[in-house]
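Participant: Okay, here's the structure, questions in a sec.
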Amino acid sequence: MPLIYIAEDDQGIRELILYTLQVSDFEAKGFETGTALLEAVKDRRPDLVLLDIMMPEQDGLMILQKLRQNPETADLPVIMETARTAESDTVTGLDLGADDYLSKPFGMAEMMSRIRALLRRVNRHTKDNRETGGILEFEGLRLDLTAHEVTAGDQRVNLTRKEYDLLKVLTRSPRKVFSRDELLMKVWDTDFAGGTRTVDVHVNTLRGKLKEAGRGIETVRGAGYRFNPEALERSDRSQEETVDVSAGNSPEAAAEREDKP
């Protein structure tokens, strides 16, 4: 029985959500604040979190950010709910790593549909990793598809589920150019118009986390993004040349040695 946590400060809405989930064969627990939810997650990790944006103490976006920064909860499925209708709030939530969103007022049927759909995607993602296990390895970058681990250089890289999925899509098809809309559908399973900015934000974050290996993710102007292994090889050769020069192996140093008797 899947366990769902709900952080919602409106008691009436919280109780309605809890009742709907429980009669739908889900285990559910509700919390008035995001702080209380974070404490509960430490004791027992849920299968999914329904997170309201407008809450006292810490708003939902702050809670989401903390969940994504913690390696133990970085891939925890999260659906944001908010009374705000501005597109910027939805985009901000997606940028921070939300998997889906519900705009208030929403019906219980829509909520259950989105929860079930997200859980199916997560289960499919886990199954795909098991069935298509193996290693994707490039110069300075390694993806273990079975262990869900990424190594850049000799350092393990902690990625959120969306960052990992994005990297996997790109590296599984080297040199293929993906439009932002394609990546939005493949990684976020949505065609939300404002979501293309989310793709850009995740690409930039991914590059930063991968450091030197991030050079392999190239922007193709007017088209989208691609993963280019040759960019990593060029980067590696450049580093080797830098080391040779610093070690006194530059052409000038060689000429100086030849002039000596």
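Participant: Tell me the carbon and sulfur percent of the accessible area for region 32-87, rounded to whole percent, probe radius 1.4 Å.
Facilitator: Numbers: 1220 of 2630 Å².
C and S atoms contribute 46 percent here.
Participant: Which whole-number value in Å² is the accessible area per residue of region 1-107, probe 1.4 Å?
Facilitator: Working: 4800 Å² over 107 residues.
Using a 1.4 Å probe on heavy atoms only, each residue of region 1-107 averages 45 Å².
Participant: While we're looking at this one, here's another question. What distance in nm separates the simple spin-label points at residue 175 and residue 66, each placed 7 Å from Cα in the Cβ direction?
Facilitator: Between residue 175 and residue 66, the label points sit 4.8 nm apart.
Participant: Once you put a point 7 Å from the Cα of residue 230 and another 7 Å from the Cα of residue 123, both along the Cβ direction, what distance in nm separates them?
Facilitator: Roughly 4.4 nm, to one decimal.
Participant: Also, quick follow-up: At 7 Å along the Cα-to-beta-carbon direction for both residue 45 and residue 104, put a label point, then send me their distance in nm to one decimal.
Facilitator: Distance between the two pseudo-spin positions: 3.0 nm.
Participant: For a test of the definition: using alpha carbon positions, the gyration tensor, and the 1.5 limit on a/c, classify region 1-89 as rounded, prolate or oblate.
Facilitator: oblate
Participant: Here is a further query. Between residue 116 and residue 151, what is the FRET efficiency for a Förster distance of 45 Å, r being their Cβ-Cβ separation, to the nearest 0.05? Before the final figure, lay out the partial values.
Facilitator: Values: r = 34 Å, r/R0 = 0.77.
After rounding, the FRET efficiency stands at 0.85.
The values are calculated or read from the model by the stated rules, or taken from the named source; none is laboratory data. Quick caveat: nothing in here was measured; it's all calculated off a predicted structure. Glycine also receives a Cβ, built like all others from the backbone with ideal geometry; neighbour counts cover every protein chain displayed. Heavy atoms of the whole protein, side chains included, go into the accessibility calculation; ligands, DNA and RNA do not. Shrake-Rupley method; radii C 1.70, N 1.55, O 1.52, S 1.80 Å.
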